[in-house]
1. Near the ligand (Cβ under 8 Å from one of its atoms), under 18 Å from His360 (Cβ atoms) and in contact with a Phe, Trp or Tyr (Cβ under 9 Å, 6 or more places away or on another chain): which single residue out of Leu56, Leu142, Leu66 fits that description?
2. Does the range 72-93 contain any residue that is within 8 Å of the ligand (Cβ to nearest atom), among the small types (Gly, Ala, Ser) and surrounded by fewer than 23 Cβ atoms within 10 Å (Cβ to Cβ)?
3. Counting only residues that are out of contact with any helix residue (DSSP H, G or I) (no Cβ under 8 Å at 6 or more places or on another chain), give me the strands (runs of 3 or more DSSP E) lying completely in the range 31-101 with at least 2 of them.
4. With Ser167, Ser146 as the choices, which residue is surrounded by fewer than 23 Cβ atoms within 10 Å (Cβ to Cβ) and either modelled with pLDDT of 95 or more or not in a strand (DSSP E or B) (or both)?
5. Tell me, which residue of the range 112-134 that is part of a loop (DSSP other than H, G, I, E, B) and open to solvent by 20 Å² or more (accessible area, probe 1.4 Å) is nearest to the ligand (Cβ to nearest atom)?
6. Report, by residue number, each residue of the range 177-208 that is within 16 Å of the ligand (Cβ to nearest atom) and under 18 Å from the mean Cα position of the chain (by Cα).
7. For Glu38, state whether it is among the acidic types (Asp, Glu) and either within 14 Å of the ligand (Cβ to nearest atom) or more than 15 Å from Leu143 (Cβ to Cβ) (or both).
8. Exactly one of these conditions fails for Leu206: (1) open to solvent by less than 60 Å² (accessible area, probe 1.4 Å); (2) touching a residue at least 24 places away in the same chain (Cβ under 8 Å). Give me its number.
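The values are calculated or read from the model by the stated rules, or taken from the named source; none is laboratory data. Keep in mind that what you see is a predicted model, and the values were worked out from it rather than measured. For neighbour counting, all protein chains shown are included, and Cβ atoms are generated from backbone atoms with ideal geometry for every residue, glycine included. For the accessible areas, the whole protein counts, side chains as well, though only heavy atoms, and no ligand, DNA or RNA atoms are used. Shrake-Rupley method; radii C 1.70, N 1.55, O 1.52, S 1.80 Å.
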Amino acid sequence: MSTSASWTNWSGGVTCTPARMAMPENEAALLTLFREAERAGWEMRVAGTGHSFVPLCTSGGMLLSLDGMQGVIATDPTTMQATIWAGTKIHQIGAPLLAAGMAMETMGDIDRQSLAGAISTGTHGAGPTLGSIATQVVGLRLLTASGDYLDCAAEREPEIFAAARVSLGMLGIITRITLRALPAYRLHEHTWVASFDECMDNLDTLIAATRHFEFFWSPGDDACAMKALHPTDAERWEQPDTESAVTGRLARYIHPDRVDWSYRILPSERNIRFNEMEFAIPAAQGPDCLRELRRLMREKHPDVTWPVEYRTLHADDIPLSPAYGRETVTISIHQDATLPHRLFFTDAEAIFRNHHGRPHWGKMHWHTGRELRDLYPRWDEFHAVRARLDPTGRFLNAYLRAELLG
Ligand SMILES: Cc1cc2nc3c(=O)[nH]c(=O)nc-3n(C[C@H](O)[C@H](O)[C@H](O)COP(=O)(O)OP(=O)(O)OC[C@H]3O[C@@H](n4cnc5c(N)ncnc54)[C@H](O)[C@@H]3O)c2cc1C
């Protein structure tokens with residue numbers, strides 16, 4: 001990054017021109033930049049990969065990238081823990097962990113996010129027994145608004161630790177993250193197409209029987225691309241590439257069966273730019289919510305051809321986690337980044353609202369601070385920690401002040 005340039009997120013929908021952009025290479029350099037921002041009176045934000053669709057990373061003051069602070073710092077196969085620089089991209093973690101006989105419990109759809117960016121918004125994958133990536137965090141280091149580095153964990157500064165795991169950069173700058181890991185494991189990937197009714201009829205069984213189960217419902221075909229991943233002791237293999245009978249929107253989600261290390265199976269490629277809205281709703285309401293979205297798309301928005309993604313997520317205890325305190329289904333809708341999305345997303349948000357949905361922090365929504373507060377039983381507790389650590393709001397930008405806290 002250089003000075004006086006502009007920054008744009010992945011989808012192209014969010015831009016800003018900070019007074020200063022910088023990429024520190026270590027914690028001492030980060031502290032020097034912090035002092036510079038303090039002298040100038042600048043707000044400070046950090047961008048990971050910029051995959052969030054809402055203006056979380058924008059800054060009129062200083063915008064940092066921690067791309068200079070990447071890599072696995074230490075692995076401990078005895079405790080099954082790994083300490084990793086916060087700017088590390090998730091795709092940089094799998095191989096060094098495997099070398100130590102370890103693996104991340106799970107990850108999201110892709111592996112391009114920074115580790116700090118992913119945990120900060122509650123990024124998750126699929127599976128009823130699996131929490132978001134933030135639930136794998138057992139400790140982290142923060143540069144706080146007082147200019148001090150603070151290490152926190154369940155047994156050390158527990159209030160700050162509880163809040164910091166999903167904190168949108170509001171508590172300070174995360175520099176190191178310690179993750180709980182699993183012994184390295186392989187996954188078998190099976191994908192297939194089912195009609196909408198067939199998918200709904202078998203949903204509970206498939207979810208209960210599969211470590212990672214998810215599907216994409218395609219409105220044009222009224223069919224679902226199903227994906228089931230199971231741990232296996234089988235060695236690496238890939239079914240010979242027979243020509244797929246699946247064409248159109250669903251084709252990109254259907255692959256030959258394969259087996260490989262978990263970090264090679266879990267992520268997919270997402271090369272077409274889109275905008276996205278995702279809500280976390282109580283698991284029992286997932287099927288009804290999807291049916292209502294299906295009706296909305298068929299009756300009012302037949303022009304939207306992007307599939308809808310349906311995943312499960314285990315309840316957790318993180319104050320700002322969308323899965324806080326409840327078994328969860330997440331439903332995501334998409335629209336091409338070059339096409340209008342506002343009308344469709346606003347209509348869908350009304351459906352999600354009726355199901356007590358909590359918006360994904362990194363994805364589009366128009367919930368007010370008051371509405372969010374009603375959705376999160378520990379909202380005030382989080383903000384008390386935030387106000388104590390950063391009383392003058394050095395780590396807040398205009399979006400956070402006006403939209404999320406206002
Ligand atoms: C193609 C695509 C696929 C996606 N797939 C999934 C998915 O499967 N599951 C899912 O849940 N989400 C998914 N998302 C959403 C995405 O994972 C989140 O938006 C995530 O936050 C992106 O990580 P990032 O590194 O780009 O973070 P950014 O968007 O750059 O930042 C996110 C937040 O983290 C903060 N932050 C970043 N680094 C630090 C730091 N060092 N210290 C403090 N705060 C920091 C930022 O200030 C910001 O508030 C997807 C998004 C895209 C574009």
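1. The conditions single out Leu56.
2. No, because not a single residue in the range 72-93 is within 8 Å of the ligand (Cβ to nearest atom), among the small types (Gly, Ala, Ser) and surrounded by fewer than 23 Cβ atoms within 10 Å (Cβ to Cβ).
3. 62-65, 72-76, 81-85
4. Ser146
5. Gln113
6. Ile177, Thr178, Leu179
7. Considered against the rule, which asks whether it is among the acidic types (Asp, Glu) and either within 14 Å of the ligand (Cβ to nearest atom) or more than 15 Å from Leu143 (Cβ to Cβ) (or both), Glu38 comes out as no.
8. Against the list (1) open to solvent by less than 60 Å² (accessible area, probe 1.4 Å); (2) touching a residue at least 24 places away in the same chain (Cβ under 8 Å), Leu206 comes up short only on (2).
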